[in-house]
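Asker: Right, I'll just put the structure down here and ask away after.
The values are calculated or read from the model by the stated rules, or taken from the named source; none is laboratory data. None of these values were measured; they are calculated from a predicted model. Using ideal geometry, Cβ is built from the backbone for each residue, glycine included, and neighbour counts are taken over all protein chains shown.
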Amino acid sequence: MNTPEADKKVAEQVANLIQPIRDDLLSGAAEIALRAITVFQSVLSGDQISPEQVKSNLTYTAKSLIDAQPAMAPLFHLGNDVLLAIENAQTVEEIRNRCDTALAKFEKMLCASASTIADIAYDLIDPGELIFAYSFSSTVVSALLNARARGRFFRVVCTEARPSMEGRKLASRLASGGIEVIHTFDNAMGLVLGNCSAAFMGCDCIARPGVVNKVGSWMLAIACRELNVPLYALSGTEKFVTDERLFEFEKHERPGVEVWDNTPKGVAVLNQQFDLVPFNLLTGLVTEKGILKESDIEPYVSNFSVHRSLTLASI
């Protein structure tokens, strides 16, 4: 990763602040983006020498966050929004104000988006039915809890989502919200999915080839197609990226020891955390702009500017 010259103290601070985000295998992209806002705020609150150094520190922070979780598009857009906002600022105070405004706007957008998606998804949850949910997505959790709070009774079935087991986090969060949950292991997906009226998953980034989500999502999509179960990906439009950036998820390979410790000699363990689901395997993409089809996504992929420091050539 090519990075600007950050203040040494700030570089150490950023590394410490980002490490929990880098190690987080349980949280969804929107949830991690909200935590990333506090990283920018911490860097901004420190002693700043000059406008140029402040900009370098914030650029370093943005690139470090993207490097920590390259599959998660909200981290890219958060950093991009900050850098575009401060680009023409002339003083440290102006940089602070513009950065704070960009962070507040992004946080408000994330929360409003999740609320709107939850209201749209309400109509996709049939009363008394069984809903399948995969991995952990704060957007999916919000939608399911919203439906329950509005008096809709249904049950949810989910699997572990190995190797990180974030399906357990999903099950616990839903159960604490008064939803009856059936939890099983990933290989049992085919045994329960056919009894579901719909399946929900989140996603981490979106472009023309499809949506990227936790590994196993492609198998879920194939199973839904074979069993004729509608599959919806729930996501805010802040997860749209260019086609080239979409495949940054391939950089996110975790240590094999997380899957199998003390492997025998001659055994290599693949621990890729994400896979790609093409749009033809989705019933719809539920966003704050409505339920989108493949033919609807072009404006969201092409209509945003990228700060020069965050182009793929510079990272």
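Asker: Out of (1) closer than 30 Å to S302 by Cβ; (2) at pLDDT below 95, the odd one out for A118 is which?
Answerer: Just one mismatch for A118, condition (2).
Asker: Just checking, which of V286, V306 is surrounded by 13 or more Cβ atoms within 10 Å (Cβ to Cβ), touching a residue at least 60 places away in the same chain (Cβ under 8 Å) and part of a loop (DSSP other than H, G, I, E, B)?
Answerer: On the way: V286 fails: part of a loop (DSSP other than H, G, I, E, B).
From the options V286, V306, the qualifying one is V306.
Asker: May I ask you to list pairs of residues, at least six apart or on different chains, whose Cβ atoms are under 9 Å apart, with the first in segment 250-265 being in the same structural domain as L25 (by TED's automatic domain parsing) and the second being β-branched (V, I, T)?
Answerer: Between residues of segment 250-265 that are in the same structural domain as L25 (by TED's automatic domain parsing) and residues that are β-branched (V, I, T), there is no close pair.
Asker: Against the condition outside any strand (DSSP E or B), at pLDDT 90 or above and on the phi < 0 side of the Ramachandran plot, how does V267 come out, does it pass?
Answerer: Working: outside any strand (DSSP E or B): yes; at pLDDT 90 or above: yes; on the phi < 0 side of the Ramachandran plot: yes.
Yes; evaluated as a whole, the condition is true for this residue.
Asker: Would you confirm, using the coordinates I've provided, whether V277 is hydrophobic (A, V, I, L, M, F, W, C) and either more than 22 Å from A114 (Cα to Cα) or touching a Leu at 6+ places or on another chain (Cβ under 6 Å) (or both)? Please lay out each step first, then the result.
Answerer: Working: hydrophobic (A, V, I, L, M, F, W, C): yes; either more than 22 Å from A114 (Cα to Cα) or touching a Leu at 6+ places or on another chain (Cβ under 6 Å) (or both): no.
No, not satisfied.
Asker: Something else: Could you say whether any residue in segment 83-95 is out of contact with any strand residue (DSSP E or B) (no Cβ under 9 Å at 6 or more places or on another chain), buried (at least 16 other Cβ atoms within 10 Å of the Cβ) and not in a helix (DSSP H, G or I)? Break it down stepwise before answering.
Answerer: First pass over segment 83-95, keeping only residues out of contact with any strand residue (DSSP E or B) (no Cβ under 9 Å at 6 or more places or on another chain): 83-95.
Going one step further and asking which of them are buried (at least 16 other Cβ atoms within 10 Å of the Cβ), we end up with 83-86, 89, 92, 95.
Subset that is not in a helix (DSSP H, G or I): 89.
Scanning segment 83-95 turns up at least one residue that is out of contact with any strand residue (DSSP E or B) (no Cβ under 9 Å at 6 or more places or on another chain), buried (at least 16 other Cβ atoms within 10 Å of the Cβ) and not in a helix (DSSP H, G or I).
Asker: Looking at E248, is it under 21 Å from the mean Cα position of the chain (by Cα), under 27 Å from F106 (Cβ atoms) and surrounded by fewer than 13 Cβ atoms within 10 Å (Cβ to Cβ)?
Answerer: Working: under 21 Å from the mean Cα position of the chain (by Cα): yes; under 27 Å from F106 (Cβ atoms): yes; surrounded by fewer than 13 Cβ atoms within 10 Å (Cβ to Cβ): no.
No, not satisfied.
Asker: Separate question: With the requirement that a residue be surrounded by fewer than 22 Cβ atoms within 10 Å (Cβ to Cβ) and part of a helix (DSSP H, G or I), what does segment 23-33 give you? I'd like the intermediate steps shown before the answer.
Answerer: At the first step, the residues of segment 23-33 found to be surrounded by fewer than 22 Cβ atoms within 10 Å (Cβ to Cβ) are 23-27, 31.
Passing the criteria: D23, E31.
Asker: From the residues in segment 189-244 that are touching a helix residue (DSSP H, G or I) at 6+ places or on another chain (Cβ under 6 Å) and of a type in the set (F, W, Y), which one is nearest to I66 (Cα to Cα)?
Answerer: Only one residue tops the list, namely F240.
Asker: Has segment 202-217 got any residue that is assigned by TED's automatic domain parsing to the domain that holds L282, farther than 26 Å from L110 by Cα, in contact (Cβ under 8 Å) with a residue 24 or more places away in the chain and surrounded by fewer than 21 Cβ atoms within 10 Å (Cβ to Cβ)?
Answerer: The first filter runs over segment 202-217 and keeps only residues assigned by TED's automatic domain parsing to the domain that holds L282, leaving 202-217.
Now restrict to residues that are farther than 26 Å from L110 by Cα: none.
No; the residues of segment 202-217 include none that is assigned by TED's automatic domain parsing to the domain that holds L282, farther than 26 Å from L110 by Cα, in contact (Cβ under 8 Å) with a residue 24 or more places away in the chain and surrounded by fewer than 21 Cβ atoms within 10 Å (Cβ to Cβ).
Asker: Okay, next question. Could you check how many residues of segment 53-82 are basic (K, R) and in a loop (DSSP other than H, G, I, E, B)? Lay out the reasoning, then the answer.
Answerer: Pass one, segment 53-82, residues basic (K, R): 55, 63.
Applying the additional criterion that residues be in a loop (DSSP other than H, G, I, E, B) yields none.
Matching residues across segment 53-82 total 0.
Asker: Please find, within segment 34-54, the residue that is surrounded by the most Cβ atoms within 10 Å (Cβ to Cβ) out of those that are among the small types (G, A, S) and at pLDDT below 95.
Answerer: Kept after step one, since they are among the small types (G, A, S), are these residues of segment 34-54: 36, 42, 45-46, 50.
The next check asks that each one be at pLDDT below 95; those that pass are 42, 45-46, 50.
Details: S42: 15, S45: 9, G46: 12, S50: 10.
So the residue we want is S42.
Asker: Of all residues in segment 12-39, how many are hydrophobic (A, V, I, L, M, F, W, C) and out of contact with any Asp or Glu (no Cβ under 9 Å at 6 or more places or on another chain)? Outline the logic, then answer.
Answerer: Initially, segment 12-39 is screened for residues hydrophobic (A, V, I, L, M, F, W, C), giving 14-15, 17-18, 21, 25-26, 29-30, 32-34, 36-37, 39.
Keeping just the survivors that are out of contact with any Asp or Glu (no Cβ under 9 Å at 6 or more places or on another chain) gives 14-15, 17, 21, 36, 39.
Number satisfying all stated conditions: 6.
Asker: Counting only residues that are touching a residue at least 40 places away in the same chain (Cβ under 8 Å), surrounded by 17 or more Cβ atoms within 10 Å (Cβ to Cβ) and not β-branched (V, I, T), which one in segment 97-118 is farthest from T237 (Cα to Cα)?
Answerer: Here is the first cut: in segment 97-118, the ones touching a residue at least 40 places away in the same chain (Cβ under 8 Å) are 99-100, 103, 106-107, 109-110, 112-114, 116-117.
Now narrow it down to the ones that are surrounded by 17 or more Cβ atoms within 10 Å (Cβ to Cβ): 99, 103, 106, 109-110, 113-114, 117.
In the following step, the residues that additionally are not β-branched (V, I, T) were identified as 99, 103, 106, 109-110, 113-114.
Working: C99: 21, L103: 17, F106: 12, M109: 10, L110: 10, S113: 8, A114: 10 Å.
That would be C99.
Asker: Can you name the number of the only condition in (1) over 20 Å from the mean Cα position of the chain (by Cα); (2) surrounded by 19 or more Cβ atoms within 10 Å (Cβ to Cβ) that S295 fails?
Answerer: (2)
Asker: Check segment 219-237 and report whether any residue there is assigned to a helix (DSSP H, G or I) and either in the same structural domain as N57 (by TED's automatic domain parsing) or under 24 Å from L34 (Cα atoms) (or both).
Answerer: Narrowing segment 219-237 to residues assigned to a helix (DSSP H, G or I): 219-227, 237.
Those still in the list that are either in the same structural domain as N57 (by TED's automatic domain parsing) or under 24 Å from L34 (Cα atoms) (or both) too: 237.
Yes, the conditions are met somewhere in segment 219-237.
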